[in-house]
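Report on one structure; see the data block that follows.
Values in this text are rule-based calculations from the coordinates and carry no lab data. Quick caveat, the model's predicted, so the values are computed rather than measured. Glycine gets a Cβ as well: all are built from the backbone with ideal geometry, and neighbour counts include every protein chain shown.
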Amino acid sequence: MTQIAGKDRCQTVPTEAIADDTALKNWLLQQASEHELRYLLAHADDGVIWGYFSGDKLTISREVFPQFPELRLSTLQQCRIFGVNGEVLLWRTQAGWRSRVISDSPTETQHSDIIIEDQVLWGTQGKVQDGFTLLSDGQQELYHAVPLTNIQFDDPKKLNRPVRLKVRHYIEYDSDGLARIGLSRLVNLFAESQEK
């Protein structure tokens, strides 16, 4: 049995340069460029932040929809930047910031020790503006703004949620041969009607 351990794909990324908001954004841009990553998903004390990288620029949801939080070091809990080539995860610990990168090949998706999952995101209706779609769900008024456009929505009363987050899970085996998901990473953000 061939084992593709997710942990074997991980490498630590130095975080010493992250000292303030400007340094954080520069660090994220550097990682996105170096690893050819496209999207940002951050969780902060004050909400969820989506973003996308284009050239040497990071655009976040607050720049288009001001009701969303700023990307600030003081409120950031964790941040993932991801794309088909890999994912960089930055997270806060009591000892400071830690980070790791997972790199792999898109051709490895056919391997038996990798599970691909398309997770459904909230959003039965949307409003498009400047490269983002403000998604809301039913009457619950749950909002987030994803860096996608051209999302096709059915009748909002049907509660169709067309936006997906592609996740790759890596299976690891213990000494007894028991399998478990040892590591997961984000791969892509897409709408059902778009190419996966």
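Considering every alpha-carbon pair of the range 20-94, the percent of pairs per 5 Å bin, from zero through the bin containing the longest distance, is 3, 17, 30, 28, 16, 6, 1. Given R₀ = 25 Å, FRET efficiency for T12-Q140 by Cβ-Cβ distance, to 0.05? Once the sixth-power term is evaluated, E becomes 0.05. Considering every alpha-carbon pair of the chain, the percent of pairs per 10 Å bin, from zero through the bin containing the longest distance, is 9, 33, 34, 20, 5, 0. Farthest toward the positive end of the dipole of the chain, out of A179, N26, Q129, is the Cα of Q129, where the dipole comes from beta carbon charges about the Cα centre. For the chain, a Gaussian network of Cα nodes joined below 10 Å ranks A32, A95, A19 by mean-square fluctuation, and the top entry is A95.
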